[in-house]
Structures are given as structure tokens and as C-alpha cells.
Amino acid sequence: MWPTDTLTAPAATPTPSTVNTLPPRLLPHRVPPPARHVAPPARALAAAELTPTTPVPATPAQAVIPPMPTVPPLLVASPLAAPQLTATAPQLTPRMRRTQAAPLPRRRRSSCAPATTFEAALTDLAAQAATGVLHGPDGAVHLAAGLVVHAESARGASVGHLLTGAGRITLRAWEESVALGGGHPADHLLAVGLVGTGELELARLAATLDGAQDALAQHSVELRFDPAARPAFQLARPLSVLELRGAVGRRRALLDACWPSAELDSVPPVATGAAPTRRTAVPRRRRQALLAAADGIRTVPELARLLGRSTFGTLLDVRQLAAAGLLASGRPAVLPDPPPAAGPQSAPPDAPGPVPMPPGPRSYDSSDPEVGLLLRLRAALEAL
């Protein structure tokens with residue numbers, strides 16, 4: 001008999017024909033078998049049992065943070081995602097830098113142009129760095145290497161008048177310094193100790209500006225330049241022609257601001273004795289001395305020499321007192337008499353008739369401030 005274990009019928013093995021009978025689309029999906037647990041070998045277990053194990057300290061249980069829910073990218077407020085949400089600004093193309101054009105030549109302003117022929121000639125000599133003196137009928141200006149070192153005029157105060165009139169030195173001491181100085185009295189005055197260096201420089205500067213005020217105003221006159229002449233006094237710090245013209249221009253503007261009329265510049269003033277119509281900036285002692293000396297005979301330069309002051313300072317006080325009604329013109333300006341009118345003469349019958357001549361230039365008063373302004377404007381336009 002057969003044993004019982006052998007009585008079980010052998011499992012029928014499928015034939016290849018039965019496996020491939022189903023089409024490929026109807027074949028079931030094959031699931032991979034689960035991973036089998038492989039037991040460690042017996043030697044590894046025995047070695048693990050024999051090796052002493054170090055107890056591992058228990059760590060405290062940490063809180064489990066649940067995963068962050070997934071949110072669509074458009075709803076995440078992230079600084080990295082912000083640039084993706086905002087519209088990109090259009091990129092401005094860099095501007096091309098404009099090349100700076102060459103500057104145009106500047107035209108010389110008319111205010112800097114010489115106003116008289118004397119100023120024009122003096123400016124030309126200064127540009128040539130000339131040394132000498134430019135003479136005119138009313139004044140002269142001394143140059144040294146194109147710089148102004150001295151100026152003098154008949155109406156302006158001199159250094160001797162300023163020093164003696166102010167009482168710094170006596171008239172005899174001044175004459176001795178002129179005689180012993182050998183044409184340079186300043187060296188003798190400083191060597192003897194009669195005046196100081198600063199005081200002498202102030203006197204030289206005041207005399208230079210007084211002389212330049214009359215010299216620069218000469219227009220359409222005969223001028224002469226002497227390169228060999230040297231002045232008796234020279235400024236320690238020479239002035240340029242532009243600085244001299246600027247100083248004289250400021251003086252003229254100050255005179256016109258006080259009293260625009262130039263009538264008292266050449267006519268002797270006289271005190272009116274009336275009450276002042278307005279306040280003046282002239283000190284009381286200086287005002288009293290000027291009113292006492294204004295007798296209607298002395299001119300402004302003569303009053304300046306009598307009082308020991310500069311011509312400009314005296315003229316400024318005279319204009320202020322005239323504006324206040326304290327001074328007036330002593331005598332009218334002397335005007336030339338008009339030529340006598342020719343009487344009618346009988347002409348021969350065969351003589352030709354008179355030829356019409358163009359009218360000559362009209363006479364004008366140069367002391368009028370408006371006429372003077374027009375003359376300066378005409379001279380400035382001619383110098384352009």
C-alpha cells in the first residue's frame with residue numbers, strides 16, 4: 001500500500017497554452033510580494049549576546065509638529081514669491097549723457113567799458129604794463145608796470161595839504177622834508193618820525209583817489225604820456241586800473257545819492273542860515289566848521305584845503321547840507337555871452353543867394369546830471 005502522504009494527488013501545472021489564453025489587456029496587475037524578514041545568522045546573535053551593551057539614556061519625548069498643509073503657491077505670503085505676484089516694472093533705458101558744448105565767448109559788459117577817452121587810454125597803457133604818467137588838462141595818473149601808484153589834479157587835495165591841514169606836521173616841517181628829501185619827502189618824514197607808516201599811506205591813498213576823480217572824468221581832450229616821470233609819493237599797495245575806476249565810480253554814485261545836482265561842485269557855496277529841512281549824517285562840529293567857512297567866495301577844493309580834509313569828503317558834506325537847505329549857490333555859473341546877431345546888409349543884385357548850412361551842435365551844460373549821464377552812455381557805446 002502506498003503511504004498516506006504519497007496519496008495526495010500532485011498539483012496540476014498549467015500548461016503554457018492556458019496561461020497565455022487571456023489577452024494582454026486582461027492580465028491582472030502584478031503586485032510585488034512583500035519584503036521577507038531575513039533572520040540574522042546565529043553567529044551575529046551570539047556575538048550580540050556576549051558584547052556588553054551600554055544603556056542609552058532616555059530622551060524626553062518631543063512634541064510632534066504636524067506637517068504644514070499644502071497651500072497653492074498663489075496664496076502663500078512669502079517675500080520670495082512677492083516679486084512673482086507683482087507686475088514687473090518696465091526697465092528704463094539709461095539716458096545718454098549730453099556732451100557739454102564749448103562755452104560761447106562772453107561779450108564785455110558796457111559797465112566795464114571805459115566811459116571817457118582818458119579811461120580808455122589808461123586802460124590801454126595798463127594792458128601794455130607801461131610805466132610813466134598820463135597827463136591831461138585836469139589831472140594825471142602815474143603808472144608803474146601797469147599799476148596805479150599815484151594820481152593828482154588841481155582840484156584834489158595833496159599829501160602835504162592833508163598832513164598840514166590836519167595838524168599832524170607844521171608847514172615849516174613839510175617844506176624842510178621837501179627840501180631835504182631830494183624829491184622823496186616821504187622817506188624824510190618816516191626817517192625823522194614826524195608821521196607813521198599807516199598814517200602816511202592813508203594820506204597817499206586819499207590824495208590818489210581825489211586826483212583820480214577829476215582825471216578819469218576827462219573826455220575828448222588832448223592827452224600826453226611821459227614814460228620818464230616819477231611821482232614824489234607812491235602807494236605801498238598799487239591799484240589796478242579796474243580797481244581805481246571802481247572806487248571812483250562808487251564815489252560818484254554816493255554823491256548822486258546825496259544830492260543829484262553837480263552845481264555846487266564848481267560854484268562857491270554859501271550858508272543860507274535857514275533851519276534844516278531834514279536830518280543829515282554830518283557831525284555837528286564838522287557841520288559848524290563848514291558852514292562858517294562857506295562864505296560864497298571859496299570853492300569846495302579851497303574849503304577842503306582850509307579845513308585839512310579831502311576834496312571828496314568836503315564835497316560829500318556840501319551836498320548833504322545843500323539837500324537839507326543849509327547851503328546854496330553863492331553866485332551863478334558864468335556862461336559865455338552869445339555872439340551878437342549880425343545886422344541885415346544889402347547884397348548886390350548879382351550876388352548869389354546864401355547857401356543853407358546844416359545846423360551846428362547845440363550847446364549843453366555838462367554840470368547837469370542828466371546831460372552827464374547821456375555823455376557817459378555815449379562814451380561807453382563808442383568804446384564798445
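The values are calculated or read from the model by the stated rules, or taken from the named source; none is laboratory data. Everything numeric in this text was worked out from a predicted model, so none of it was measured. All Cβ positions, glycine included, derive from the backbone under ideal geometry; neighbour counts span all protein chains shown. Ligands, DNA and RNA are stripped out before the accessible areas are found, and what is left, the full protein with its side chains, is counted by its heavy atoms. Shrake-Rupley method; radii C 1.70, N 1.55, O 1.52, S 1.80 Å.
Computed quantities for the displayed model
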read-out	value
Most to least packed among 209-217, 302-310 [average Cβ atoms within 10 Å]	209-217, 302-310
Of all accessible heavy-atom area on the range 126-223, the percent that carbon and sulfur account for (1.4 Å)	56 percent
Ranked packing of 144-151, 285-292, most packed first, by mean Cβ within 10 Å	144-151, 285-292
For F225, residues with placed amide H under 5 Å, excluding near neighbours	H135
Coil-residue GluC sites (Glu not before Pro) of the range 155-261, DSSP, other Cβ within 10 Å capped at 13	E222
Dipole of the range 184-277, positive end: most advanced residue of V221, P276, T197 [Cβ charges, Cα centre]	T197
Residues with amide H under 5 Å from that of A151, placed H, sequence gap 5 or more	H142, T208
Using a Förster distance of 45 Å, the FRET efficiency for A275-R250 (Cβ separation, nearest 0.05)	0.90
